[in-house]
1. Testing the spin-label approximation: label points 7 Å from Cα along Cα→Cβ at residue 376 and residue 144. State their distance in nm.
2. Between rounded, prolate and oblate, where does segment 245-375 land on the alpha carbon gyration tensor, with a ≥ b ≥ c its root eigenvalues, rounded for a/c under 1.5, else prolate if a/b exceeds b/c?
3. Per q in 0.11, 0.12, 0.15, 0.23 Å⁻¹, report the Debye log10 I(q)/I(0) for segment 74-195, using one uniform scatterer on each alpha carbon and no solvent.
4. Grab the eigenvalues of the alpha-carbon gyration tensor for segment 252-303, scale each by 5, take roots, and send me the semi-axes largest first in whole angstrom.
5. Measure off 7 Å from each Cα along the Cα-to-Cβ vector at residue 310 and residue 200, then give the distance between these two points in nanometres to one decimal.
6. Just want the ordering: 247, 160, from fewest to most Cβ atoms lying within 10 Å of their own Cβ.
7. Expressed in whole Å with the largest first, what are the equivalent ellipsoid semi-axes of segment 71-338 derived from the C-alpha gyration tensor as the square root of 5 times each eigenvalue?
8. For segment 308-376 and segment 190-238, what is the separation of their C-alpha centers, rounded to whole Å?
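Computed from the coordinates by the stated procedures, all read-outs in this text should not be read as laboratory data. Remember, it's a predicted structure, so these values are computed and weren't measured experimentally. Positions of Cβ are backbone-derived with ideal geometry, glycine not excepted, and every protein chain shown enters the neighbour counts.
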């Protein structure tokens, strides 16, 4: 048996519910009469407990929104309490029991909601809830009873975001009038500053941890920073500023949240976790995405979650980062996600690891490899892990190492005294883990997979050729034949200052 949804009117008068037998496709009985226990207008009844034997409604199981939901905010110290703004109503929810605690009719189209960071009443326990409207109205309610304590209107185009400072003394309201109004909550919400400088609608604001700086982003993709005490824009970079929350859509920590081909309007809301290791976003495609923070890669890796049937307007983490709430637009829904730590995946046996060693039997090239050659060192010690071979004879007379040689070649030849001995000396491995393509430069005159090596002549030059071509290491005469633009073998290549 199914019960159709209904809406209770302002006076809490009884409403009529129709029970339908789904199997037979007809009404199961006469209309049911139900009176809402909450006398506010606009509650949608999503589910009820109905006793078909007695024909009575035992309880309302799930209340819901009756219009588009624009914003959600979590209590700063109670992870299971959240507030939502839906047109003319503000709802207070208990996310642990998934129940509606209370609601209030504010009298205007609500667009933003926020809890005060600390209690602002004399009892030391009651927080304030600030609500911003689509026409510039601001109303402040008591958390305990949702009774209004302050109302004002200082803008014409509407309030887009509201945030309290971490110490609770100030409240900032971003508006579509391209300015930010700052109010002193400790002085009866008197307006003390107005930050002007944006050229488009302001979409989000965040306070710094010390409450002295504000950051804001606008619809024209502009990110500005403000001095909250003076209301003036800070022109110097503030990259070292730590922000209490991060809900703006621009900046270094969230530069990778934008998908390919986005025009700056796809992402509707952003929220960084309290620990600062996660970033959640919601977009016009009905997706809730979870990123690592900071997300700096282009179209950064993420996890996407479906469920909303329309665009998602807002996402917020709870105070302890255990829950993520998302609210939809046309679907009137609020989705609750549990944030869990993932167990690292077991990828099975580890693959063989590359080691640093000789790449050829002569020991003229060294790099990262799975099976290095066993090359006899000048002192008699050899490298383990591959087929052994004796070092070859010297291929040229002893000479001073060139300062233009690749890293490692000069020190090796200086220690051994000739090129043959230099080819046997193993250069030190580079810093860091072995990349799949990392190879050490081979000794001059040798061959094999280095970054590159100098052409085999005595003249100083900065012309690097690929070390992967064995023919280029046979001598300057052959290099001169294959590359006539380089000049004769052993000739003048310039004054040493020209780059080739």
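1. Computed distance between label sites residue 376 and residue 144 equals 9.2 nm.
2. Numbers: a/c = 3.26, a/b = 2.58, b/c = 1.26.
It comes out prolate by the Cα gyration axes.
3. The Cα Debye sum returns log10 ratios of -0.33, -0.39, -0.61, -1.41.
4. Numbers: eigenvalues 55, 30, 16 Å².
Value: 17, 12, 9 Å, ordered largest first.
5. So the label points at residue 310 and residue 200 sit 2.4 nm apart.
6. On the way: 247 21, 160 26.
Ascending Cβ contact count within 10 Å gives the list 247, 160.
7. Numbers: eigenvalues 127, 106, 60 Å².
They are 25, 23, 17 Å, listed from largest to smallest.
8. After rounding, the separation between the Cα centres reads 35 Å.
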